[in-house]
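Colleague: Right, I'll just put the structure down here and ask away after.
The numbers here are math on the coordinates, done by the rules we state, and not lab data. Owing to the predicted nature of the structure, the values given are computational and were not obtained by experimental measurement. Methodologically, a virtual Cβ is constructed for each residue, glycine included, from the backbone with ideal geometry; neighbour enumeration extends over all protein chains shown.
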Amino acid sequence: MKIYFAGSIRGGRDDKALYAKIISVLGKYGTVLTEHVGNSDLTERGEDGSSEDIFKRDMSLLEKADCIVAEVTTPSLGVGYELRVAETLGKAILCLFRESAGKNLSAMIAGNKKIKTAYYENLEEIPKILERFFTEHG
Ligand code: 6IA
């Protein structure tokens, strides 16, 4: 199973530690193609390489992936874009939204029947959510 994990980068790095933890749980189910999303050295300022190269590489990884798992609590244009591309490519899609953060989830995600959205409060709930998703889509 090739898993594309998506999480905010230029949209804000407040949840980067959480991304790293989710990526490590995802390792149980397959290969995470995008481990860099959890890299604590990666900042939102964008001095991290050519945008064109990043775009090309990520779109090619997304094509190769079997599914996409996105942590969507911190809103990110890039993550939203990736989700739409994944939908067009017919990938299985799981979004994770942390209700306790007090943010509002876009209706483009919450209202989309092609996207499974799991609402959670804390990290301890993630293994169960992933187990359910990969049992259905494994
Ligand atoms: O709009 P955002 O930057 O928040 O979009 C975040 C999404 O875009 C993530 O899910 C990533 O898949 C993708 N993305 C954004 N920036 C990068 C990036 N920067 N590298 C890979 N994917 C990215 C540089 C990384 C580096 C190791 C040189």
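Colleague: With the cut-off at 1.5 for a/c, could you classify segment 65-138 from its C-alpha gyration tensor as rounded, prolate or oblate? The partial results should precede the final answer.
Modeller: On the way: a/c = 1.95, a/b = 1.08, b/c = 1.80.
Judged from the Cα gyration tensor, segment 65-138 comes out oblate (a/c at least 1.5, b/c at or above a/b).
Colleague: Counting other beta carbons within 10 Å of each residue's own, what order do Thr73, Thr88, Thr31 fall into, fewest first?
Modeller: Exposure proxy ranking, most exposed first: Thr88, Thr31, Thr73.
Colleague: Using helices alone, what [θ] at 222 nm do you get for the chain, with -39,500 (n - 2.57) per DSSP H run of 4 or more residues, divided over all residues and rounded to the nearest 500?
Modeller: Numbers: 5 runs with 53 residues, N = 138.
Only helices count here, giving -11500 deg cm²/dmol.
Colleague: Right, something else. Taking segment 33-138, which GluC sites (Glu not before Pro) meet the DSSP loop condition and have no more than 11 other C-beta atoms within 10 Å? Intermediate results must be reported in sequence, preceding the final value.
Modeller: Details: sites: Glu35, Glu44, Glu47, Glu52, Glu63, Glu71, Glu82, Glu87, Glu99, Glu121, Glu124, Glu125, Glu131, Glu136; in loops: Glu44, Glu47, Glu121.
Listed in order of number, the matching sites are Glu47, Glu121.
Colleague: Under the rule that an exposed site lies in a DSSP loop and has at most 16 other Cβ atoms within 10 Å, name the longest stretch of the chain with no trypsin sites (Lys or Arg not before Pro) of that kind, not counting the sites themselves. Before the final figure, lay out each step's value.
Modeller: On the way: sites that count: Arg10, Lys28, Arg45, Lys103, Lys113, Lys114.
Answer from the scan: 46-102.
Colleague: Is there a quick way to get the dipole size of segment 20-138? I mean about its Cα centre, with the Cβ of Lys and Arg at +1 and of Asp and Glu at -1; what is the value in debye to the nearest 20? Before the final figure, lay out the partial values.
Modeller: Details: 15 positive and 19 negative charges, 94 e Å.
The dipole of segment 20-138 has a size of about 460 debye.
Colleague: Placing +1 at every Lys and Arg Cβ and -1 at every Asp and Glu Cβ, with all other atoms neutral, what dipole size does segment 95-135 have around its Cα centre, in debye to the nearest 20?
Modeller: Numbers: 7 positive and 5 negative charges, 59 e Å.
Computed charge dipole of segment 95-135: roughly 280 debye.
Colleague: FRET efficiency for Thr88 and Lys64, Cβ-Cβ distance as r, R0 = 25 Å, nearest 0.05? Working shown, then result.
Modeller: Working: r = 15 Å, r/R0 = 0.60.
According to the calculation, E is roughly 0.95.
Colleague: With contacts defined as alpha carbon pairs under 8 Å and 6 or more residues apart, what's the relative contact order of the chain in percent? Please list the in-between numbers first.
Modeller: Numbers: 209 pairs, mean separation 35.8, N = 138.
Taking the mean separation of contacting Cα pairs over the length of the chain, I get 26 percent.
Colleague: Compute the distance in nm between two label points, each set 7 Å from the Cα along the Cα-to-Cβ direction, one at Phe55 and one at Asn112.
Modeller: 1.9
Colleague: Along Cα→Cβ, 7 Å out, is where each label goes; now give me the distance between the ones at Asp14 and Lys28 in nm to one decimal.
Modeller: Placing both labels 7 Å beyond Cα along the Cβ direction yields 2.8 nm.
Colleague: Compute the distance from the alpha-carbon center of segment 1-34 to that of segment 104-138, in whole Å.
Modeller: The distance from the Cα centre of segment 1-34 to that of segment 104-138 comes to 14 Å.
Colleague: Continuing with the same structure: Using a/c under 1.5 as the rounded threshold, could you call the chain rounded, prolate or oblate? The axes a ≥ b ≥ c are square roots of the C-alpha gyration tensor eigenvalues, and prolate needs a/b larger than b/c, oblate otherwise. Mind showing how you got there, number by number?
Modeller: Details: a/c = 1.31, a/b = 1.15, b/c = 1.14.
Rounded, because the longest to shortest axis ratio a/c is under 1.5.
Colleague: If you average the C-alpha positions of segment 71-89 and of segment 50-65 separately, how far apart do those two centres end up, in angstrom?
Modeller: 13
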